[in-house]
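Here is the structure we will look at, set down as structure tokens.
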Amino acid sequence: MKSTTNIFKLKIIDITCASCVTTIEKILRQVPGVIRAEVNFASKIATVETSNSAVSVLIEAVKQAGYTANEVTTSQDEVAQNDEYQHYKYLLKQSYLAAGVGILLMMITYLPNIPTLDTKEGQVIWIVLGIASLAVLIYSAHDLFFGAWQALKAHVANMDTLIAMGTGVAWLFSMLVVLYPTILPENAREVYFEAALIIIGFIKFGTALEMRTRGKTKETIQKLIGLRPQTARVVRDGKEVDVDLQELIVGDVIRVRPGEKIPVDGVIIEGASSIDQSMLTGEPIPVEKTIHDKVVGGTVNKTGTFLFRSTSIGNDTVLARIIEMVTRAQNSKPALARLADVISSFFVPAVIVIAIITALIWFNIGPQPKLAYMCVTFATILLIACPCALGLAAPLSIMAGVGKAAEFGVLIRNGDALQKTRQLTTIIFDKTGTITEGKPRVTHIIALSSWNENDIVQFAASVEQGSEHSLAESILNSAKSKELVLYPSKEFKAFPGFGLSALINGKNVLLGNMKLMTQQHISLTDFTVHVEKLYEEGQTIVYLAIDNQLAGFIGISDTIKPEAKYAIQRLHQLGLKTLMLSGDHQKAALTIAHQAGIQEVIAEVLPVEKSEKVIELQAQGEMVGMVGDGINDAPALAQADVGFAIGAGTDVAIESADLILMGHSLHGVVDAILVSRATIRNVKQNLFGAFIYNVIGIPIAGGILYPFFSILLNPIMAGAAMALSSLTVVLNANRLRLFRVHRGSSS
């Protein structure tokens, strides 16, 4: 019996840094039955794949690690957005109170008549101010101290640990100075109550801005969710009534009027219209739809009114699956992000060790007042170190990049595919339905011997009936236009990559390419001249043999997509090589490739040979992308380093691919490569910035400049710098939202 797995998503609000990510992932992976657990620091979502664990068990495991988790479903997204906004406002309140009181305390220290700590009055005043600052700390930073305590109980360290230790040391040292001023030298009797509060103010303000700004990376998902209307006008008992979307059932007949959004997926049964599918496909030109055409929920009806019968509702609609795929890809991690997580997991313990060593150096060989310098440098190192920037560097960029690709009609399955796409060196294209429109039509029918054209089409269509191949569709359409009655098909047999055979009207019929005829010993010698010209025109030839004699052949023409040549040109401008694989005749394939500007052609290949060609190129050191739309492309799509499936293609091809082009345009391949390059470049910028910030900031906080310039960093400046570093990473990642592609006039 085949085992099934469940995928749960948990929202974990109290994640504060990449160390938390590592801890939670480790805890979740230890739960029995868990196959995979990934935590995205930017979205604060844990994605867990499990064979038998209940979601309550996963939530309890996270709770035991000191964090709070709740299950998230797509329907809860709007609620989650509101919760995040409320949390954002709460962070601002915490920030304003801490910073405001901190600034007041700083101003008090400069008052001319304030009693000094040497006097009883001064001590009482500063004890009261110290207690007041503690109360503000409890309000504004209780979550940080609680997080640090929970981390300590779980035997880990995170960003909360650094902030709690840094501000805690500043407050405790200040209270020590206030209570026992005489045990310290006079020049060491300095309090840092205001520093602790202003630091918390900076950190909370930075966190609020970071939260607000990184929410922009989820705009694509929010736009997709916003595409879904709340109600649908359903025809029931002869009347049109508005019903809630959740009350729809498969088979409902729904009315859509001009300007309305289509509520769910279905098939038009009455009327016609033009549909704006740009949010799904990235293609701005409306698509004409009529009876029997499919419509997709979330797209916009532009002109006419029509009735359609629903075929998919709820989570089964195309839009719901797109939202799920984009969300999953945004929460996934490419190799670069996993490397950053590994580095971050060692970061906090390393910073604590560095801070302790620095404090000991100041205490042993530093100038007077040693204790004051020791406490200041210890706290400053803890406060300036920023594991948050390291942790956010990759996931924020990935979220923005995946969302940007979706805007261009490109769905990316996972972070690894996004990272690999930028490294591609060769792009392989299938021919039919990829380079060409995939709408072939019969242009020539040549009958031989005693057969006529209608016989050829009638027998061919009788063999092809039931097939979904585009060539079969063209033959069936030809038979339909001639109003021919099809014969029943018996003893049907398929020869993948070659053709078909069947018993039709008592006769053994073969239908397929030249290879099938040769394999079955059907002589073609006398008819070579007839087909050469058709091959040179780029036509596909389908041969028909009846009772082991060639009866005739059908010429089928398929035009290349209008944007194909310019899209291929864009790939060449990016330095990529192009190749076309086709099962068609060599001359026909060469003609199509020449029209599209493709550099190399391999024709007359079987489906398995397509994947073998991919393997061959990979063995030569090429990073291979495969673009296809059919069942016969699935092995090559799966074998390629990155598989691109045309969204209009078969489910098998789409399931085998890493990227899905929701539109028909080949520009999607180029756009995906450009987005990939921009995204990974952005990740590297973030990682470099976060790394350099810590490499430079920590030594300065430790006092490395003091022996040369008598400069010692103030803890307040350290806290501000830490908040700024995270915000810088967030802002840089959000630059991807401004990324545009320029397809030029030929697009």
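Applying the Karplus parametrisation 6.51 cos²θ - 1.76 cosθ + 1.60 with θ = phi - 60° to the phi angles of the stretch 544-555, what ³J(HN,Hα) value in whole Hz is obtained for each residue in order, glycine and proline being reported as x?
10, 10, 10, 6, 6, 10, 5, 9, x, 8, 10, x
Based on Cβ point charges of +1 for Lys and Arg and -1 for Asp and Glu, what charge dipole magnitude is obtained for the stretch 17-157 about its Cα centre, in debye rounded to the nearest 20?
320
Carbon-plus-sulfur fraction of the accessible area of the chain, 1.4 Å probe, in percent?
58
Helix by helix through the chain, keep the DSSP H runs that span 27 Å or more along the axis on Cα and average at least 1.0 on Kyte-Doolittle, and give those back in order.
Answer set is 159-179, 335-365, 387-407, 715-734.
Leaving out ligands, DNA and RNA but keeping every protein chain, what accessible area does His585 have, in Å² rounded to the nearest 10, with a 1.4 Å probe?
It works out to around 30 Å².
Per residue, how much accessible area does the chain show when a 1.4 Å probe rolls over the protein heavy atoms, in square angstrom?
45
Residues with amide H under 5 Å of Phe492's amide H, sequence separation 5 or more or different chain, H placed in the peptide plane at 1.01 Å from N; which?
When sequence neighbours closer than 5 places are left aside, the close amide H contacts are Leu503.
Measuring from label point to label point, each 7 Å out along Cα→Cβ, what is the Thr182 to Thr68 span in nm?
Taking the two extended label points, one gets 4.8 nm.
Note the listed values (i) 30.1; (ii) 26.8; (iii) 29.4, then indicate which one is Kirkwood radius over Cα pairs in Å calculated from this particular structure.
(i)
Say the dipole of the chain comes from +1 at the beta carbon of Lys and Arg and -1 at that of Asp and Glu; which of Val326, Gln86, Leu712 then lies farthest toward its positive end?
Leu712
Return the FRET efficiency for the residue pair Leu448, Asn505: r is the Cβ-Cβ distance, R0 is 22 Å, and the value is rounded to the nearest 0.05.
For R0 = 22 Å, the calculated efficiency reads 0.75.
Please compute the contact order of the chain in relative form: average sequence separation of alpha-carbon pairs under 8 Å and at least six residues apart, divided by the residue count, as a percent.
Rounded, it is 13 percent for the chain.
Multiply the residue separation of His530 and Ile13 by 0.36 nm, subtract the distance between their alpha-carbon atoms, and state the gained length in nm to one decimal.
178.9 nm
Identify, among Val243, Asn113, Gly555, the residue whose Cα sits farthest towards the positive end of the charge dipole of the chain, taking +1 on the Cβ of Lys and Arg and -1 on the Cβ of Asp and Glu, with the dipole about the Cα centre.
Asn113
With +1 on each Lys and Arg Cβ and -1 on each Asp and Glu Cβ, and nothing else charged, work out how big the dipole of the chain is about its Cα centre, in Debye to the nearest 20.
1600
If I take R0 = 41 Å and measure r between the Cβ atoms of Glu60 and Phe363 in this structure, what FRET efficiency does the formula 1/(1 + (r/R0)^6) give, to the nearest 0.05?
0.40
For Asp584, enumerate residues with amide H under 5 Å from its amide H, sequence gap 5+ or separate chain, H modeled in the peptide plane.
Residues meeting the criterion, in which the H sits 1.01 Å from N, are Glu604, Val605.
For the chain, what does -39500 (n - 2.57) per DSSP helix run (n ≥ 4), summed and divided by total residues, give at 222 nm, in deg cm²/dmol to the nearest 500?
Per the formula, -16500 deg cm²/dmol.
Excluding residues fewer than 8 places away in the same chain, name every one of the aspartates and glutamates whose C-alpha is closer than 19 Å to that of Lys490.
Excluding near neighbours in sequence, the set is Asp455, Glu464, Glu468, Asp547.
Please give the FRET efficiency for Ala494 paired with Val235, using the beta carbon to beta carbon distance and R0 = 56 Å, rounded to the nearest 0.05.
Efficiency, rounded to the nearest 0.05: 0.85.
Can you list the residues, at least 5 places off or on another chain, whose amide H is less than 5 Å from the amide H of Thr299, using H built in the peptide plane?
Those qualifying (amide H under 5 Å, at least 5 residues apart or on another chain) are Ile262.
In nanometres, what is the gap between the two model label sites at Leu152 and Asn6, each 7 Å from Cα along Cα-to-Cβ?
Going from the Leu152 label point to the Asn6 one covers 3.7 nm.
Work out the charge dipole of the chain with +1 on the Cβ of Lys and Arg and -1 on the Cβ of Asp and Glu about the Cα centre, then indicate which of Ala672, Ala640, Gly366 is farthest towards its positive end.
Gly366
What is the magnitude of the charge dipole of the stretch 251-408 about its Cα centre, with +1 placed on the Cβ of each Lys and Arg, -1 on the Cβ of each Asp and Glu, and no other charges, expressed in debye to the nearest 20?
420
Which pairs, out of Lys44/Lys333; Lys515/Lys610; Lys561/Lys684; Lys89/Lys261; Lys482/Lys507; Lys333/Lys610, put more than 25 Å between their alpha-carbon atoms?
From the list (Lys44/Lys333; Lys515/Lys610; Lys561/Lys684; Lys89/Lys261; Lys482/Lys507; Lys333/Lys610), the Cα-Cα distance tops 25 Å for Lys561/Lys684; Lys89/Lys261; Lys333/Lys610.
The values are calculated or read from the model by the stated rules, or taken from the named source; none is laboratory data. Remember, it's a predicted structure, so these values are computed and weren't measured experimentally. We place every Cβ from the backbone using ideal geometry, glycine too, and count neighbours over all the protein chains shown. The area values use the complete protein model at the heavy-atom level, side chains included, leaving out ligands, DNA and RNA. Shrake-Rupley method; radii C 1.70, N 1.55, O 1.52, S 1.80 Å.
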